[in-house]
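A.B. asks: A single structure is presented below for examination.
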């Protein structure tokens, strides 16, 4: 299966503002160190690692919210590594992001219908009202929710609105960044089941960022383990759980609170 993403020798350094001198530029700190991998069409890739591993930074590079310092990022055969914002604009509807905290990513002063519809109008989609309604259907929310505000929804419902906003654009790729970490176990299971169904029904490619391997196991077919901005393991999920190769991966597995992670989702 052809790769939708191809990443080669990806590097990223950012200014360390905690050490900014009185004069001159702040020193730079390396965040990502020469990452190379592909994401196949239709793949559900789990990106896992502890705090400071670089997983969320990598995700933002994939959807070009951050520009790499070096290497190459190709999306659907196009080099987007240093593509200008004007050139990226037509592509942005093809790769969408769902954020960790829906309360901070959903405008509290706008109703759900306007939140989902705004990017559709920005990118010139027709029948915005119909597309909003169908997106709500896909994520299992009543169409009447279009008239509600985010504060009137539960955490799981707000996350479904974030998912609806992403899929309404009919993207090829979705990046989900720690989107179940703030939910209770029941809501986590519902959101993961929803994502699994959307990947199947809509033919999506998904990268799912998490610090929790039990969540990754539930959803993802392949796993990439990051430690301090480097890939330490990249394999099929079943293989990783059966025979982890890296010591860091074994540490992450040992941190799972239940002996059988599937018990969480029973």
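Bear in mind these aren't lab numbers, they're just calculated from the coordinates by the rules spelled out. Bear in mind the structure is a predicted one, so any value in this text is a computation, not a measurement.
A.B. asks: Please report the equivalent ellipsoid semi-axes of the range 108-170, computed as sqrt(5 x eigenvalue) of the Cα gyration tensor, largest first, in whole Å. Could you put the intermediate results ahead of the total?
C.D. replies: Numbers: eigenvalues 61, 28, 19 Å².
Ellipsoid semi-axes (Å, largest first): 17, 12, 10.
A.B. asks: So what is the relative contact order for the chain, in percent, with contacts set as C-alpha pairs under 8 Å and at least six apart? Each step should come with its number before you reach the end.
C.D. replies: Details: 472 pairs, mean separation 63.7, N = 266.
Averaging sequence separation for qualifying contacts and normalising by length gives 24 percent for the chain.
A.B. asks: Given the options 90, 68, 102, which has the most mean-square fluctuation in a GNM of the chain, springs set between C-alpha atoms less than 10 angstrom apart?
C.D. replies: In the Gaussian network model the winner is 90.
A.B. asks: Let me ask something additional. Given 0.36 nm per residue, what is the gain on full extension from residue 13 to residue 253 after removing their alpha carbon distance, in nm?
C.D. replies: Numbers: separation 240, 0.36 × 240 = 86.40 nm, distance 2.92 nm.
83.5 nm is the gain from fully extending residue 13 to residue 253.
A.B. asks: Which of 199, 48, 132 moves most in a GNM of the chain, Cα contacts under 10 Å?
C.D. replies: Checking each option, the largest mean-square fluctuation is seen for 199.
A.B. asks: Here is a follow-up. Taking the chain as a Gaussian network, where each spring joins two C-alpha atoms under 10 Å apart, which residue of 55, 93, 19 fluctuates the most?
C.D. replies: Greatest mean-square fluctuation among the candidates belongs to 19.
A.B. asks: Quick one: check the C-alpha center-to-center distance for the range 152-171 versus the range 115-132, whole angstrom.
C.D. replies: Between the Cα centre of the range 152-171 and that of the range 115-132, the gap is 14 Å.
A.B. asks: Of (i) 29, 25, 19; (ii) 54, 22, 17; (iii) 28, 19, 19, which one was derived for semi-axes √(5λ) of the Cα gyration tensor in Å from the structure shown?
C.D. replies: This structure yields the entry labelled (i).
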